[in-house]
1. Is one or more of the residues making up the stretch 713-724 within 29 Å of Pro918 (Cα to Cα) and without any contact (Cβ under 8 Å) to a residue 60 or more places away in the chain?
2. Taking into account only those residues within the stretch 738-795 that are among the acidic types (Asp, Glu) and closer than 28 Å to Thr929 by Cβ, which is modelled with the lowest pLDDT?
3. What residue, among those in the stretch 514-534 that are modelled with pLDDT of 95 or more and among the polar types (S, T, N, Q), is farthest from Trp352 (Cα to Cα)?
4. For the stretch 573-591, which positions are open to solvent by 70 Å² or more (accessible area, probe 1.4 Å) and part of a helix (DSSP H, G or I)?
5. Within the stretch 379-392, is even one residue open to solvent by 30 Å² or more (accessible area, probe 1.4 Å), free of Cβ contacts under 8 Å to residues at least 40 places away in the same chain and closer than 30 Å to Asp530 by Cα?
6. Given the options Val468, Val446, name the one that is assigned to a strand (DSSP E or B), out of contact with any helix residue (DSSP H, G or I) (no Cβ under 7 Å at 6 or more places or on another chain) and in contact (Cβ under 8 Å) with a residue 24 or more places away in the chain.
7. Find the helices (runs of 4 or more DSSP H) located wholly in the stretch 870-937 whose residues include 1 or more that are open to solvent by less than 40 Å² (accessible area, probe 1.4 Å) and closer than 23 Å to Asn708 by Cα, and list them.
8. Is there a residue being part of a helix (DSSP H, G or I) and basic (Lys, Arg) anywhere in the stretch 120-137?
Amino acid sequence: MTRPRLLIEEWLPAQAIGVECMREEGNPIAKPPTKYLHVWWARRPLVVSRAAVLASLLPADFDRRCFERLLGFYAASSQIVENGHLVELARASGFRIDNPHGPRAFGASIREADLQKAHGAMREVWSEVPTVIDPMAGGGSIPLEAARLGLKVLANEYNPVACSILEATVDYPFRFGAVLAEKAHKWGKVWRERFNERMKPFYDVKGIVPAYSYIFARTVPCPDTGHPTPLIPNWYLLKPKGGAHIVAAPVVLDQKNGQWTIRVREIGKGAGQLRQPPQPTYGRGKGVSLFTQAVIPADYIKAMAQQGKMGSVLYAIATKATRKLEFRPPDPIDLKVLEAAERELQRLRPQWEREGIIPVEEYPEASSDERPRLYGMPRWADLFSPRQLLALGVLVEELRLLRPEILQVEGEEMGEAVEHVLAFALDKFADRNAIMTRWVPSTGRVANTFDRHDFAFKPAYAEMAACVAGAGLEWAIGNVAKAIRQLGELTAHRRNDTVNIPFTQGSSTNLLHLDDQSVMAVVIDPPYADNVQYSELADFFYVWLKRTQGHRRPEWFSTYLCDHDEEAVVNISRHREDGKRTAGEARKEAQAFYQRLMAESFDEAHRILRDEGVLTVMFTHKQQSAWAALFESLIAAGFTITATWPVQTESQHSLHQAKKNAAQSTVLLVARKREPGAGRAYFDAAMQTEIRQVAQATAARLRDEGLNAVDQLVGAFGPAMEVFSRYDEVRTDTGDPVSVDEAIQTAADAVADWRVEQLAQRGLAGVDDESRFVLLCWDVLGASTFRFNEAMMLGRSVGMDVNSLIAVGLVTRSGANVNLLPAKDRRRERSVQNVAEQTSFLESQRRGRRRGKRKIHPNDEYFASAIDMCHALALRYAEAGGGQAGIGAARGMALQQGWNAEGPCARLTEALVKAAPPAVRFPGKGKKTAADDFPEFRAWHTVLKPLFGIKPPEWEEPVPAQPTLPLME
């Protein structure tokens, strides 16, 4: 099979792409239009999507500078990387610098000459301008960028809500351009005027200053008095950085009758100011009665909700007469119009339910997030307060009445597109006007329902003033229209072409409308196991789109809720079989289901792909099991891995936090069809050596390119699979099949060994496995909290089971997370003098029915591990007061124990100091940091030279932040 090497298999400016990804995502007020057109989850940045498509179709020898211009780079990739470093340093130090960057890549115009050059090069490889498909297109980043490049584009998506977004993202911009935005604005104004005419009485206020936002609390009957008591997690109304902190201070007016209000107060030390904010009345699932201060159990709150006894109370109103937010308690008119809205909903509801105006569909009983049902919301309509539901019902009704007028004036094609855009405005309005929203004091705004990827219970929620000018519905219409306009601007250079982007709705496992070997490239961003439960979340919008778009897209919106039978996610709730399976059994079934659908999807990609074609997969996950599932599916489908490129999509800088480790990079994984008759190979010493060598070489290359240790580890998986996936099957010398997980672990072991070599060039002679594990956690994961699966991977690299580390007390487990314990949390109250006494101490703990955890004391005579030695040394230093006194105390301990520079304590201390992430090096100044939680790192850094004669690495403390404006993109 003749297939020339592609650019993505030889070179990719991954670092510069990463910088542009962070710039694309990092400006909250200038995001790309795909990000705010409509909510969809886990969208890839446009620049990495374009890079994945373009580099997958160009030959390896294509002009690299031309490629960078096609990506929209304002300068050479090396300059972009350098400028990115300058920005990171400025943010770390707090200095303000002139923005060194040029225009962001995603919005840059594409030069026609460069595009023609690229098309010419593609024709030489593929004999024509190639066809590319994204069979799991989601919100449409990949097909949009492929179309902007003038390619033949196909798209497929399973979820109907995503299909609706896909239509507006990849079809309308090329068909209508920015004209559609103008039409949507025009008809949106008519729609809003009719809405305001009906709804304005229900938002009436006293005086001339309209409400801007309403802030509510959920209530339950006080167990002692029966009065509705509010569940408020914090009383802050405004808490900006560098500005006045404003709270709602509750005042009980009549305890006997349960009447209360708030006073708006400023936090501070001046006259009339509150010294401290009021105590919350809700936290960790429990409440506190405003009337008796008695604790309200979590089960009681849920029981009241399920009995229909959870209510809501309006307790604060934000106004905006000028640019400044002000707050006040509700007055009688505010409460009167709320009651009127509830009566109006009661009047209209029977008719609306008959006509399908409001969503009475039930929230699924089998769901990964049961909180809506637990908190008394069994139907989708229950996620909205009476006034919110009334407003949405009026919007649906008025849009249906407006539709014939729009079609008559604009014609069917443009008219339906306008109605579609207005339906998205309704969705946006619903997203910010539900009882799953919340008020954000730091910004003075309403956070939307999906500011997190779940249906978390919100004890306090907020509501936009629907009829106010410049906000509410007018904002929602304008925001969606703006996204449509910007999409039209991004695609303006293709407007003269006949751009037709066929997209279909269905499973990626069954693309029967496509012939065998009919596409040159499959570029795909698949679901990541259990990261996002797409259909469960999308149901929130489905029930409204069914009412606003179901008439024009019955093939998408004819089912009760989103279909999920063939959704490729790990969702345990769908495999419980009404409780017949345990959680472990259900998880196993869910994993198998996900892997089967992924394998069938890649099988179908293999069928439609030309023999010389390419499959490029975007994947963002750090769980080894997720990578194993992906690789197994690819190999089983007949693919071999030819390249991988980690692209950093999130800033890794933090001055204060080293607590939780999170994925930072999207990995582009490139695969080709495996040669026929690849045969069998053996997982012998030669293959394992090759895997280790390529893994370590890749980790070194990624380190030199500036990627962090986690990305170095994950980035090494792909090259390891290049070796493993060359063959149809791989077996041991005894004939047993070798799993992908074994090959990945071999690569992980190799990178772990390489990392240790970098940290401990003198070696770790005498350092035990559990101490090496702690070292690797700090070095690779760079945090004290990380996922259990990651801990398992690192533990296996040093021959340790994480559960045994939990048992001895080095780490704790909380749900899916593992936490490293600081030295102070491992300290024992008294010292022990020998092994027998320590064993006896643990045995006494067990007899007392407490789990025996190995603890330490700086006066212990015996230490079981090198990390115990290091922790005890740090405690001795700290308890002597640090400084010279601490050094002297630590020196005395080292002499007493016989520790020297060649011993395990010194070797591990040196390695830990080198592995220390920036956040643990310097304590906070007025703000608690990771360094305050783990002071042992500073102790080790201080004593290393005086005790062992080993020069520690230089730690440069960040320059204090200057009183200047933050750097602006």
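The values are calculated or read from the model by the stated rules, or taken from the named source; none is laboratory data. Remember, predicted model here, so these are calculated numbers, not experimental data. FYI the Cβ positions are ideal-geometry reconstructions off the backbone, even for glycines, and counts take in every protein chain you see. Note: accessible area is taken over every heavy atom of the protein model, side chains too, but ligands, DNA and RNA are not part of it. Shrake-Rupley method; radii C 1.70, N 1.55, O 1.52, S 1.80 Å.
1. First, the residues of the stretch 713-724 that are within 29 Å of Pro918 (Cα to Cα): 713-718.
Still in the running and without any contact (Cβ under 8 Å) to a residue 60 or more places away in the chain: 716.
Yes: one or more hits.
2. Among those residues, the one meeting the criterion is Glu790.
3. Restricting to residues being modelled with pLDDT of 95 or more and among the polar types (S, T, N, Q), the top hit is Gln517.
4. Residues of the stretch 573-591 that are open to solvent by 70 Å² or more (accessible area, probe 1.4 Å), as a first pass: 576-578, 580, 582, 585, 587-589.
Glu585, Arg587, Lys588, Glu589, listed by residue number.
5. Pass one, the stretch 379-392, residues open to solvent by 30 Å² or more (accessible area, probe 1.4 Å): 379, 382, 386.
With free of Cβ contacts under 8 Å to residues at least 40 places away in the same chain added as a condition, the list becomes 379, 382.
If we keep only those that are closer than 30 Å to Asp530 by Cα too, we end up with 379, 382.
Taking every residue of the stretch 379-392 in turn, at least one turns out to be open to solvent by 30 Å² or more (accessible area, probe 1.4 Å), free of Cβ contacts under 8 Å to residues at least 40 places away in the same chain and closer than 30 Å to Asp530 by Cα.
6. The match here is Val446.
7. On the way: elements: 883-897, 904-915, 930-933.
Ranges flagged: 904-915, 930-933.
8. Our first condition is that a residue be part of a helix (DSSP H, G or I); within the stretch 120-137, this holds for 120-126.
Narrowing further to those that are basic (Lys, Arg): 123.
Checked against the condition, which is being part of a helix (DSSP H, G or I) and basic (Lys, Arg), the stretch 120-137 yields at least one hit.
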